[in-house]
Amino acid sequence: MKVTVNNRQVYLPDFFIVGAAKGATTSLHAYLKQHPKIFLPDRKELYFLALGGETPRFKLADGTPREKLGVNREEYFKLFENTPEGCVSGDTSSWYLYYYKEVIGNIQKLYGSHAGKIKIIMVLRNPVDRAWSHYCMHLGLGIIDLPFHDAIAPGMNSFREKISDPDTGYFPGYDYIGFGMYSRQVEAFLKAFDQVKIFLYEEFNKDNQAVVNEIIRFLGLEPMEQLEKRKRLNVSGEPRSGLAALLGRLIYRPYFFKKLFRSLLPEKLRYKIKMNISRFLFKKKYMK
């Protein structure tokens, strides 16, 4: 939608997919991009409304420079300035549910009187399953090597205590419990916005065509007759071997490689390569 920001007209998203993390947002983003009247940037996780376009204080485990985690205001505006006529645009960032206070405040500040037109979409997953999947993703990428019970243990000087304090430099993405504390997060969005659509992860897994089309109708568009089916994206797992763990760290963690692949390869090819590598390196890990 067209919004006036500091006496300047800019295009901003009409809707936001705010989470939850490990709640099929990557797959949902990919499916919605198939609709001819929906514009979504190729890049998911822009972090803009969570960080306010500012450089975060915490360090990133994959070597991404702090200033490159999200996008600044001008970069964000530029992403949506070429939204095709007659299309609705969106921003998929699973951190937005976790950073609900900052996100809601930034939307209201940025959109002003247009904030009431915003549509919010969220997919909620069983918090225990969500935390385990989140942990397994980091385990597979070699970002963390703690046992699960240590990664979620409460108390003084625990891992959770450290990530709650931004001055320690710990990445908030390690907060496996906090990312599933939906009650206040959802309540805040429902209070701030009139148009909020909530789905369960199980609903999406059972019939993603039905869920995607319900979202499309929610956006005021004609549903799609048939989705181009894809295997699940961003699936968590543990390395199949020590060599697989090493290769995973070399391929997925360095910021340089991620930036290079994104600039050189089209989205569909990146997806195929990522899926084939993931199947070779990782296997499903079950909670005991």
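Readers should treat all values here as calculations from the given coordinates under stated rules, not as data from a laboratory. Just so it is clear, the structure is predicted and the values come from calculations on it, not from any experiment. Glycine gets a Cβ as well: all are built from the backbone with ideal geometry, and neighbour counts include every protein chain shown.
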Under Karplus coefficients 6.51, -1.76 and 1.60, residue-wise ³J(HN,Hα) of region 80-90 in Hz, glycine/proline x: 10, 5, 9, 4, x, 4, x, 9, 9, 10, x
Neighbour-count order for 55, 26, fewest beta carbons within 10 angstrom listed first: 55, 26
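Past the 30 Å Cα-Cα mark, which pairs from 2/229; 109/206; 33/68; 109/229; 78/206; 68/119? Present the calculation step by step, with values, prior to reporting the outcome.
On the way: 2/229 33 Å; 109/206 38 Å; 33/68 24 Å; 109/229 38 Å; 78/206 36 Å; 68/119 27 Å.
Flagged as over cut-off: 2/229; 109/206; 109/229; 78/206.
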